[in-house]
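Below is one structure; the comments refer to it alone.
Each value in this text was obtained by applying a stated rule to the coordinates, not by laboratory testing. Owing to the predicted nature of the structure, the values given are computational and were not obtained by experimental measurement. Quick reminder, even Gly has a Cβ in these numbers, built from the backbone with ideal geometry, and neighbours come from all protein chains shown.
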Amino acid sequence: MDEDKRIVLENLNVRYSGMETSQLKNININTPIGQIIGIVGNSHSGKSTLCRVLAGIIPKIISATISGTYTIAGRSPMDDWTAFNTSTGVVLQNPAGQLSGLADTVADELAFDLINQGTSADVISKRVANVAAQMGLTDQLRQKPESLSGGQMQRLAIATAIITQPQILIMDDPTSEMDPVGRQQFFHWLTTVKDTTVFIVSSEIDDLCEVADSIWIMSEGELVSQGSPQDVFNHLSPEWQIPTPTVYQMAEKMNWRLTGDVFPVAAEELKEAFDATN
Amino acid sequence: MPQIELHNLQFAYPEKSFNLNVEQHLFSDSMTAIVGQNGAGKSTIFKLLTGLLKQDAGRITIDGVVLNDFKPSERLKKIGITFQNPDDQLFNATVKREVEWSLSQVNSDKDQNAARAVEVLKKVGLADKSDENPYDLSLSERKLLTIATVLAVDPEIYLFDEPMMSLDWPSKRMVTDIFRELSATGHQVITITHDMDWVAEEFHSVTVMEHGEIKFSGTPRDLFGDRELLQRVGLLPPKIMELAEMLGDSKTYLSPQDYQNQNIVQ
Amino acid sequence: MTDQSMLSDESAGKSKWYNAVDPITKLLFILDMALLSFAGTNLIMEAGLITAAFLLLVFSKISSTTVKALGFSLFLIFTMLVIQGLFYSKNQTVLFSVLGINFYKEGLMYATTLGSRVLVIILASGFFMVTTTISENAKYLEQSGLSYKTVYVLMSVCYILPEIMGNMRKIQQAQRVRGVNPQRTILQKLKSVLPVLIPLVIKTLDQSMTRSISLQLRGFDNPKRKALKADTHYRLAGMWHIGLTMIAVVLIGWKLWTKINGLF
């Protein structure tokens, strides 16, 4: 297929300076853009490093020994950093660290990214209102960013990432501080995102299985599994120490199988397997 | 096991429209989860229990003794806490010293403290990181380190604010095991959490807060069986119930295992 | 979504008189006040300056931090009074005695003058600090033609102190919960603060690094960046700048003139 429509990582190795072992080992991916990709792994599996590479933070901002290639939709952070950076939106693990610190209000914080791109004032105010509504921050627009709760802060971080309408969205555990209803609303919002490639690191396996087109499992710096949620969670290795989704556990206990002798991982599939058995 | 009693407890933050108001409440189970939406007052209760905040009225007693009457060192042996954000709690240069600092507050014997620190770090899987700077650990490991600092002192009552948040799966299992052990050895564990699957599976007792008040106290089965209450206080049932409901079954289930037990006739 | 903020909406307040004064005018005002207080030699004039600066502060806004900072400076000035009253090298005339200890007029006068000058500067700077925000200064500087990158570097210097203080507060809170030190006296506070200074600095640097990464990702050095017109309207900024600068020049000139004359 066309290079412009794919995410390609070839023999990617990354080692931070001063470290003895590589954080990413020989990562190979060739997959279409426009998907929601869930990245799953434990501490030190390399998932946060992978996010940094995908966002171009490595090697453009943090230096590291890097070999292999990375292009997404034909672009690489190494070729034209400003253009690449403009096409991505990034949510870091620590939402408070993402704030500019130079904004008096949530609205100013949101406008920051657009001002940087030289957007006109009336477009800015429209987009700020729109994104705040999507993330449920309309009532907070005039508040100081520091006064937000953890969950609100994460939604603000997401809002600053999506306000520039990036084609690539990279989010490192964006719901960790949200309450269950907030998290549910976030994952529902994620299904409404169009024409965007989304990389999301999360430990919410149940939710990932509902929204992700593809799951990547990381373990000790290697990409040990990739494919559809159903495929990946039906072939877990105990070594990776990754749990199965609740749907899978329920179906396994009840022996509800789909055709092809696999267990369902998402609600729709569960219904199908249930109907086939009962 | 220690008993914590709240009596006519009232607290208001200056400049915030929030009031905590608990007429009468007894924490007497070995493992209690406090649940509720953000801003319901869960963390405020913890701050009052550890003396970080002072109530405007009412009193807190532990086994009949008023909390404020404890000397600081006695209080540390009674109640230990971990915060939601480990970065708010860690301030030493190495992992080992972080644990030893907590120990030094209750025991002046350095050798004993060093030995105890090694033991506790092993328990949370951080033994090989004891000389590292806490800021070089992953978020999950920093969280485990805060748990280690409390385990080291071994208080009678453990308060955990969102202990599972940002933990990876092996760590979650480890922490669950630690909780079970604590609860089996006469300690009282009180945990604030948003993780309803975990509450349903592991806890004997759950307390629901909303707008600064305690709205429910009882077993997870009673809580999750009361859909009207869940709706009112903005909580979701465990995932397994959501799935069962989709299949046209509105009974109360606490885990996939529970579902199997109730639906497969032996 | 469901999170409820427990904070009231503070920043939506109406525009106050001091918002119409631009940051540079305020900075020049500090300079002039300092020069005036150093030029003056009599205490009545110092009292006048203190009153003027104090009134400005009272009519702008007073926060608990301002009160604390003022309390702390007054405490320092008081110790200075005691020390100079007792030990100033030119001490001759006994003004009064407490428990057989003599306080001297010369030392007390000297310390009062010095203390007044410090107080004038503190009050004037206090006015600047409580009436402008970091973001206002940043916007103003950017509009005055500095590149945003330069503004950011300048502002992060201003930012580091509140950041360290915020981190310190968290650490002290953690120490209160995890420890037995009640931290009531200054000595107890020092004892708890000293060992954590290095981790504190590391933590703050770590945060600055995260912020810098995130700002780069958010494109703050994008050449296309176009600052928005600020919605605050400063009144008579140009006139203030010229006037205050002229006062400063006159004061410095006069001081130099008297110094040079004094040499002959």
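Among DSSP beta bridges lying fully in the protein assembly as shown, give the percent that are antiparallel, nearest 5.
Working: 46 of 81 bridges.
Antiparallel bridges: around 55 percent, rounded to the nearest 5.
Cross-link candidates for C:Lys255: which aspartates and glutamates have Cα within less than 19 Å, leaving aside residues fewer than 8 places away along the same chain?
C:Asp32, C:Glu46
How high is the FRET efficiency between C:Phe78 and C:Thr258 when r is their beta carbon distance and R₀ equals 41 Å, given to the nearest 0.05? List each step's numbers first, then the result.
Numbers: r = 31 Å, r/R0 = 0.76.
Once the sixth-power term is evaluated, E becomes 0.85.
Please report B:Lys143, C:Lys149 as a ranked list, fewest other C-beta atoms within 10 angstrom at the top and most at the bottom. List each step's numbers first, then the result.
Values: B:Lys143 29, C:Lys149 12.
Ascending number of Cβ neighbours within 10 Å: C:Lys149, B:Lys143.
Can you tell me how much longer the chain between B:Glu23 and B:Asp249 gets when fully stretched, taken as 0.36 nm per residue apart minus their C-alpha distance, in nm with one decimal? Could the numbers behind the result be given before it?
On the way: separation 226, 0.36 × 226 = 81.36 nm, distance 3.73 nm.
That works out to 77.6 nm of additional length.
If you take the charge dipole of the protein assembly as shown about its Cα centre, with +1 on Lys and Arg Cβ and -1 on Asp and Glu Cβ, which of A:Gly68, B:Phe11, A:Thr86 is farthest toward its positive end?
B:Phe11
Taking the Cα centre as origin and putting +1 on Lys and Arg beta-carbons and -1 on Asp and Glu beta-carbons, what dipole magnitude results for chain C, to the nearest 20 debye?
Numbers: 27 positive and 13 negative charges, 95 e Å.
Computed charge dipole of chain C: roughly 460 debye.
As an exercise, use a Förster radius of 51 Å and the Cβ-Cβ distance of C:His241 and A:His188 to find the FRET efficiency, rounded to the nearest 0.05. Numbers along the way, then the final one.
Numbers: r = 54 Å, r/R0 = 1.06.
Result of the calculation: an efficiency of 0.40.
Considering only DSSP beta bridges with both partners in chain B, what is the antiparallel share in %, to the nearest 5? It would help to have the intermediate numbers written out before the result.
Values: 20 of 37 bridges.
About 55 percent, rounded to the nearest 5.
Have a look at A:Pro243, C:Leu35, C:Ile164 and report the one farthest towards the positive end of the charge dipole of the protein assembly as shown, computed about the Cα centre with Cβ charges (Lys/Arg +1, Asp/Glu -1).
Farthest towards the positive pole: C:Leu35.
Evaluate the charge dipole of segment A:76-183 about its Cα centre and quote only its size in Debye, nearest 20, assuming +1 on the Cβ of each Lys and Arg and -1 on the Cβ of each Asp and Glu. The partial results should precede the final answer.
Numbers: 6 positive and 13 negative charges, 57 e Å.
For this selection, approximately 280 debye.
Hydropathy first: keep DSSP H helices in chain C averaging at least 1.6 on Kyte-Doolittle, then drop any whose Cα extent along the axis falls short of 27 Å, and list what survives. The partial results should precede the final answer.
Working: long enough: C:64-87 (34 Å, 1.64); C:105-131 (38 Å, 1.17); C:148-178 (42 Å, 0.05); C:197-217 (30 Å, 0.68); C:237-263 (39 Å, 1.07).
Those that clear 27 Å and a mean of 1.6 are C:64-87.
On a straight-distance basis, which lysines could pair with B:Lys251 in a cross-link, Cα separation under 29 angstrom, same-chain partners fewer than 8 positions away excluded?
Leaving aside lysines fewer than 8 places away in the same chain, those within reach of B:Lys251 are A:Lys253, A:Lys271, B:Lys42, B:Lys172, B:Lys215, B:Lys239.
Quote the charge dipole size of the protein assembly as shown about the Cα centre in Debye, to the nearest 20; the model charges only the Cβ of Lys and Arg (+1) and of Asp and Glu (-1).
Working: 72 positive and 87 negative charges, 828 e Å.
Once rounded to the nearest 20, the dipole reads 3980 debye.
Provide A:Val131, A:Val224, C:Val82 in ascending order of the number of other Cβ atoms located within 10 Å of each residue's Cβ, fewest first.
Numbers: A:Val131 23, A:Val224 18, C:Val82 15.
Arranged by neighbour count, lowest to highest, A:Val131, A:Val224, C:Val82 become C:Val82, A:Val224, A:Val131.
Calculate, for A:Ile62 and A:Thr82, the FRET efficiency according to 1/(1 + (r/R0)^6) with r their C-beta to C-beta distance and R0 25 Å; round to the nearest 0.05.
Values: r = 18 Å, r/R0 = 0.71.
Efficiency, rounded to the nearest 0.05: 0.90.
Among B:Gln89, B:Gln24, B:Gln55, which one moves the most in a GNM of chain B with springs linking Cα atoms closer than 10 Å?
Answer for the Gaussian network model of chain B: B:Gln24.
For every helix of n ≥ 4 consecutive DSSP H residues, a contribution of -39,500 (n - 2.57) applies; sum these over chain A, divide by its total residues, and give [θ] at 222 nm rounded to the nearest 500 deg cm²/dmol.
Values: 11 runs with 101 residues, N = 278.
It lands at -10500 deg cm²/dmol.
Mind pulling the angle between the C-alpha long axis of helix A:121-134 and the longest principal axis of chain A? Nearest 10 degrees, somewhere in 0 to 90.
Value to nearest ten degrees: 30.
Just grab the label-to-label distance for C:Val98 and A:Lys5, each label 7 Å out from Cα along the Cβ direction, in nm (one decimal).
Once both label points are built, they end up 8.7 nm from each other.
At a Cα cut-off below 20 Å, give the aspartates and glutamates reachable from C:Lys191, other chains included and same-chain residues fewer than 8 away excluded.
List returned: B:Asp88, B:Glu98, B:Glu100, B:Asp109.
When Cβ neighbours within 10 Å are restricted to other protein chains, what is their mean count per residue of peptide B:71-79? Could you put the intermediate results ahead of the total?
Details: counts 1, 5, 2, 1, 2, 4, 0, 0, 1.
For peptide B:71-79, the averaged partner shielding equals 2.
Only helices at least 15 Å long along their axis, Cα-based, and averaging -1.0 or more on Kyte-Doolittle count here, so list those DSSP H runs from chain B. Before the final figure, lay out each step's value.
Details: long enough: B:110-123 (20 Å, -0.90); B:139-153 (22 Å, 1.17); B:169-184 (23 Å, -0.36).
Result, helices passing both filters: B:110-123, B:139-153, B:169-184.
Place +1 on the Cβ of every Lys and Arg and -1 on the Cβ of every Asp and Glu in segment B:4-235, take the dipole about the Cα centre, and give the residue among B:Val66, B:Leu167, B:Ala115 whose Cα lies farthest towards its positive end.
B:Val66
Which whole-number percent of Cα pairs in the protein assembly as shown have a distance greater than 40 Å?
Details: 148543 of 326028 pairs.
Tail of the P(r) past 40 Å holds 46 percent of the pairs.
How far is the Cα center of segment C:186-203 from the Cα center of segment A:101-163, in Å?
36 Å
Among B:241-247, A:166-172, what's the highest-first ranking by average C-beta atoms within 10 angstrom per residue? Kindly include the intermediate steps, with their values, before the conclusion.
Working: B:241-247: 18.3, A:166-172: 21.9.
Descending mean neighbour count gives A:166-172, B:241-247.
Order these by the 10 Å Cβ neighbour count, fewest first: A:Trp216, A:Trp189. Intermediate results must be reported in sequence, preceding the final value.
Working: A:Trp216 23, A:Trp189 17.
If I rank by nearby Cβ atoms, fewest first, I get A:Trp189, A:Trp216.
Which order do the peptides B:96-103, C:92-99 come out in when sorted by mean C-beta neighbours inside 10 angstrom, highest first?
Details: B:96-103: 23.2, C:92-99: 9.6.
Answer by packing, highest mean first, reads B:96-103, C:92-99.
For chain C, with a Gaussian network of springs between Cα atoms less than 10 Å apart, report the residue from C:Ile121, C:Ile134, C:Ile198 with the top mean-square fluctuation.
In this elastic network of chain C, the residue with the biggest mean-square fluctuation among C:Ile121, C:Ile134, C:Ile198 is C:Ile198.
Where the centroid of each part is defined by its Cα atoms, how far is segment B:170-193 from segment B:101-156 in Å?
17 Å
Looking at the square roots a ≥ b ≥ c of the eigenvalues of the Cα gyration tensor of chain C, which shape do they give, rounded for a/c under 1.5, prolate if a/b is larger than b/c, or oblate?
On the way: a/c = 2.14, a/b = 1.25, b/c = 1.71.
It is oblate, given that a/c is not under 1.5 and a/b is not larger than b/c.
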